[in-house]
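Reviewing the structure listed below.
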Amino acid sequence: MNISVTSSAALRGLLSTSLALFTAAAIVAGCGGGVGSGGTGSFATGPITGFGSVIVGGVRFDDSTAEVEDLDGTRRSRDDLRLGMTVEIDSSAITNGSAGASATASRIRFESELSGLVGVVDVAGGSFTLLGQRVTVDATTVFDQGLVGGLAGLRPGDMVEVYAVFDSAQQRYRATRVESASLARGLRLRGPAHEVNTAAQTLRVGGVSYSYAGASGVPAALAVGQFVRLRLEADLLPTPRWVIRSFGTALRPLADADGVKIEGLISAYTSPAAFSVNGRAVDASGLVPGAGLGVGVRVEVEGSLRNGVLRATRVEIKSDDDVVGRGFELDGLITSVNAGGASFVLRGVTVNTGRPDLRYEDGTAAQIISGRRVEVRGVLSADRRSVDATRIRFR
C-alpha cells in the first residue's frame, strides 16, 4: 500500500444582455471518475471515453441490456449516451481478460453539473460563464456536434448543458462535455457549498452567492463543504441575482463494496490520511503519507467502500497529461460515410481520417464503408466536435 506520484442561442435581446452583465459582475476571475467492484456487482462513475461497450475509468461495460436513465429518473435510450457525459454505472463484477477490464452494465445514469444560459465567452482564456460560474474547457472537452465552432461558437444567451467536475482549488468547473439544451431543462447547478449564511439564507458555490429563501427541500444540516444540487431562477429586478427554487440529491448513497477505484479531483483536504474526491470521503490512514496531495489535485484511489467512506489501499496522483493521453476509443458498425471517405459516423460520433499519422490495421482506407465493423482510437479534433482517428482496425 503506497502513495505514488505519476505526474471536463436560446435567448437573445434584453434577457441575454442582462445575464451577460450579471455574470460579468459576479465573476471577476475564474474529470473524474471511478470504478468499484464488490460482492456480486460493481459501480463506476466518470466521463465516457469510448463506445462499443461504454468505457469509463478504463473499464468496458457492455451496455446492450442496460437500463439507461437521466438525473430525473426518466428512462432513456443507450443512443442518448455521448462522449464526455458523466455517468454512474451499476454492473456485474469487473473481470480482467486479455482485452482489459470489462463488466456487464445493468443500469447507467447520466447527469450534468450545470444547465443554463451562457453569460460571457472568453475564447482566449478557454472559458465561459454559466449561472455565474466559470467553466473552463481543455483538450478533453467534447462539444456537441450541433455547437458549430466549439467554444468560439457560443453566444451569450445560448442554453447549454455542461458535464464537468468542480475544481475547488480554482473555484471553477472543468468541462468534459458541452451540449445544447432546451429551455425546458431549466437552470440547474451541482457543487460544494463554500459559504452558508443561515441568517441571510444564502450559500456560495464557486464565486457566486445564491439565495435559498423560500426554496423547497433545504437540507436540515446544510453546511460548508456539503455538495448541493440546485434548481435556480434568474431574478433580474431590482438587481440581477440567482434564486434557488429547490434542492435535490447531490450525491447518491452508495452501498458497501470491495475493490473500489475512483479517479477525480480532491474536493476537500484535511491531511494525507483524510480528504474527499468529488465529494466522496476517503480514509487513507492505512497508507504511508505522500507528498503532493491537496485541494484540486487529480488522484486515482483504490480500496473498499464502507458506510459511504472509501478506505484507500492505494493513492496515485494523475496529471492532466495522463487524461489527455488516453484519448477516445470507438468500436462498432460504420453507419455512414461522408463524400470522399474523409470522415465517417460510428456510434453517433464523426470520425475524421485526415491525420498523416493515421494507421490502418487488417484493412485499407478503401474498406471504410457503411456496415463495416471497425475499432477506432483517436483524439478530439481542433473544434472538439469530432474525433481525429490515429488508428483504425478492421474487424
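Worth pointing out:
- So LEU230, is it closer than 15 Å to VAL135 by Cβ and modelled with pLDDT of 95 or more: no
- Selection status of THR176, among the hydroxyl-bearing types (Ser, Thr, Tyr), assigned to a loop (DSSP other than H, G, I, E, B) and surrounded by 15 or more Cβ atoms within 10 Å (Cβ to Cβ): no
- Residues of the range 104-122 satisfying the condition of being within 21 Å of the chain's Cα centre (by Cα) and farther than 16 Å from ARG172 by Cα: ALA105, SER106, ARG107, ILE108, ARG109, PHE110, GLU111, LEU117
- Residue check, VAL208 surrounded by 20 or more Cβ atoms within 10 Å (Cβ to Cβ), outside the structural domain of THR45 (by TED's automatic domain parsing) and either in contact with a strand residue (DSSP E or B) (Cβ under 6 Å, 6 or more places away or on another chain) or more than 30 Å from SER386 (Cβ to Cβ) (or both): yes
- Residues of the range 214-229 satisfying the condition of being over 18 Å from ALA200 (Cβ atoms) and not small (Gly, Ala, Ser): PHE227, ARG229
- Within the range 337-362, restricting attention to residues that are on the phi > 0 side of the Ramachandran plot and either among the charged types (D, E, K, R) or not in a helix (DSSP H, G or I) (or both), the residue that is surrounded by the most Cβ atoms within 10 Å (Cβ to Cβ) is ARG347.
- For the range 292-336, filtering for residues that are in a strand (DSSP E or B) and not polar (S, T, N, Q) leaves 23.
- Within the range 243-291, tally of residues that are among the basic types (Lys, Arg), part of a strand (DSSP E or B) and surrounded by fewer than 17 Cβ atoms within 10 Å (Cβ to Cβ): 1
- Of the criteria (1) exposed (fewer than 14 other Cβ atoms within 10 Å of the Cβ); (2) not assigned by TED's automatic domain parsing to the domain that holds PHE166, which one ARG82 fails: (1)
- Restricting THR313, THR390 to those that are of a type in the set (S, T, N, Q), surrounded by fewer than 19 Cβ atoms within 10 Å (Cβ to Cβ), at pLDDT 95 or above and not assigned by TED's automatic domain parsing to the domain that holds GLU179 reduces the list to THR390.
- Options GLY126, GLY119: the member that is in contact with a Phe, Trp or Tyr (Cβ under 8 Å, 6 or more places away or on another chain), assigned by TED's automatic domain parsing to the domain that holds LEU183, more than 24 Å from VAL374 (Cα to Cα) and of a type in the set (Gly, Ala, Ser): GLY119
The values are calculated or read from the model by the stated rules, or taken from the named source; none is laboratory data. For clarity, every value in this text was computed on a predicted model and none was experimentally measured. Note that we place each Cβ from the backbone using ideal geometry, even for glycine, and neighbour counts take in every protein chain shown.
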